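Report on the structure given below.
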Amino acid sequence: MHLLALGLNHHTAPLSIREKLAFPAETLPHALDSLVASQAAREAAIVSTCNRTEIYCLSTDPHAALDWLCQFHGLSRAEVEPYLYRLEAAQAARHAFRVASGLDSMVLGETQILGQLKDAVRSAESAGTLGTLLNGLFQRTFAVAKEVRSSTAVGSSSVSMSAAAVKLAEQIFPSVSELNVLFVGAGEMIELVATHFAARNPSCITVANRTLERGQRLAEQFGGNAITLAELPEALARYDVVVTSTASQLPIIGKGMVERAIKARRHRPMFMLDLAVPRDIELEVDKLDDVFLFSVDDIAGIVEVGKEARQQAAAEAESIIQSRVAEFNDWLKKRETVPLIRALRDEAERTRRHALEGAMKQLARGDAPEKVLEALSVQLTNKLMHPPTQALSSGSGAEHDAQVQTIARLYRLHPES
């Protein structure tokens, strides 16, 4: 069995590819069941965010998980493989440790990814696909992330994606306080972005969501109001800033809808930030005059602020990770001997039962207990000593010398030369 990490991220694939391989939260249980049922993996967890899609699994065939991923999304290997990384054993662990510590994020040192990893593990646990090995990996992953964040400054001086959204808007408009802001979606990312916009006291905050009740709960936190997604076409023209992040598999805002909104606004500019993967706003919207459309990849430059200082701390974090990877690799190697240990114990148990059955029969015949116990002990000794004695008595050369040293070490013997 192979411990495997398979995936792609903002370093290896553009948004146009990442959105094709995304797993919305509601599809994760089915995807995990499908992956394990296909026998491509015995254990599995899937991490899917706006910047990455990764599968962590225990598999007999490193290629099987890739085949499943392509089939699940209806893509060919040729379309996907150029953007993928495939890491095994210790390298897979190192990657997981770096991801959880924020070292592989678009915003170096950001903390949101740790929560997303924990969500992925909870989903796998609920689906019944989180086994002993993956559980061991992720528990160590979370411990490493905690150690890195508590003993280094890797997360300090960072500009989050949500803060970057405000900075982008301020490049288009002189003051956020004069703007009407619309958030489409009511998830964690929207809540984070809304918090930063609300701190600038915009003129109006509205949350558009599929379910009005959830939208209202979020809007109330910021003194705003809520509408349903069905109201978007009529409402869109009222907003200067539109930020979207939903789990929709298809765009929610199309080119035609935005064209009508811009016309109604008499061509006053509109700032649109699409943080969703797959995208919520049709790409063609970017071609419209007076519309400033940005995607999750477009804010990479803004989040570079303070990166130099964090990179120095990242070097310290890498050192911590390296030592923890070595410890995990030792644990992994010990795990590989578990089947052998089990087989060895099973063999010893068969020997014990066979000897015990013989002794019980002798006692039933009325044989003296002292003689029965003596015979039992001799029989067990002979059975248990036969394999190492035979190994010592046969073979030659370097292999025999190695066997002699191994047996002497196992039994803690120091024979006289």
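Farthest toward the positive end of the dipole of the chain, out of Phe197, Thr337, Ile252, is the Cα of Thr337, where the dipole comes from beta carbon charges about the Cα centre.
Each residue, Arg42 and Met1, gets one label point 7 Å from its Cα in the Cβ direction; the gap between the two is 0.3 nm.
Ranked by how many other Cβ atoms sit within 10 Å of their own Cβ, fewest first, the residues Ile190, Ile17 fall in the order Ile17, Ile190. Each Lys and Arg adds +1 at its Cβ and each Asp and Glu adds -1 at its Cβ; summed about the Cα centre, region 161-304 shows a dipole of about 380 debye. Under the combined filter of DSSP loop state and at most 15 neighbouring Cβ atoms within 10 Å, region 121-228 retains none of its GluC sites (Glu not before Pro). Residue-normalised convex hull volume from the C-alpha trace of region 338-410: 103 Å³ per residue.
Charges were assigned to the Cβ only: +1 to each Lys and Arg, -1 to each Asp and Glu. The resulting dipole of region 338-410 about its Cα centre is roughly 240 debye. Of all lysines in the structure, the ones whose alpha carbon falls short of 29 Å from that of Lys146, not counting any fewer than 8 places away in one chain, are Lys118, Lys307, Lys333, Lys334. Backbone amide hydrogens, once placed in the peptide plane, bring Val207 within less than 5 Å of Phe183, Asn225, Ala226, Ile227, excluding anything fewer than 5 places away on its chain.
Dipole magnitude for the chain: computed about the Cα centre from +1 point charges on Lys and Arg Cβ and -1 point charges on Asp and Glu Cβ, it is near 800 debye. Take every DSSP beta bridge whose two residues both sit in the chain; close to 45 percent of them are antiparallel. As a rough footprinting exposure proxy, the listed residues Met385, Met189, Met257 were ranked by other beta carbons within 10 Å of their own, and the order from fewest upward is Met385, Met257, Met189.
Roughly speaking, what % of Cα-Cα pairs in the chain are separated by over 42 Å, rounded to a whole number? Display every interim value, and only then the final one.
Values: 29691 of 86736 pairs.
Of the Cα pairs, 34 percent sit more than 42 Å apart.
Computed over region 286-400, the convex hull of the alpha-carbon atoms projects to a mean area of 19.3 nm². Cross-link reach is defined here as a Cα-Cα straight distance under 21 Å, omitting same-chain residues fewer than 8 places apart; for Lys287 the lysines meeting it are Lys255, Lys263.
Extending 7 Å from the Cα toward the beta-carbon at both Thr27 and Ala264 defines two label points whose distance is 3.1 nm. Could you compute the net charge surrounding Arg345? Neighbours are other residues with a C-beta less than 14 Å from the C-beta of Arg345; K and R count +1, D and E count -1. Neighbourhood net charge equals +1.
Sum -39500 (n - 2.57) across every DSSP H segment of at least 4 residues in the chain, then divide by the residue count to get the 222 nm mean residue ellipticity, nearest 500.
On the way: 16 runs with 219 residues, N = 417.
Mean residue ellipticity at 222 nm (helix-derived): -17000 deg cm²/dmol.
Rounded if a/c is under 1.5, else prolate if a/b beats b/c, else oblate: with a ≥ b ≥ c from the C-alpha gyration tensor eigenvalues square-rooted, which is region 161-304? The shape class here is rounded.
Karplus-based coupling profile of region 60-76, in residue order and whole Hz: 7, 10, x, 8, 5, 5, 5, 4, 5, 4, 5, 5, 4, 9, x, 10, 8, with θ = phi - 60° in 6.51 cos²θ - 1.76 cosθ + 1.60 and x standing for Gly or Pro.
Here, each number is a calculation from the coordinates, and none is a lab measurement. Please read all numbers here as calculations on a predicted model, not as lab measurements. Because the Cβ atoms are built from the backbone with ideal geometry, glycine has one as well, and the counts that use them run over all protein chains shown.
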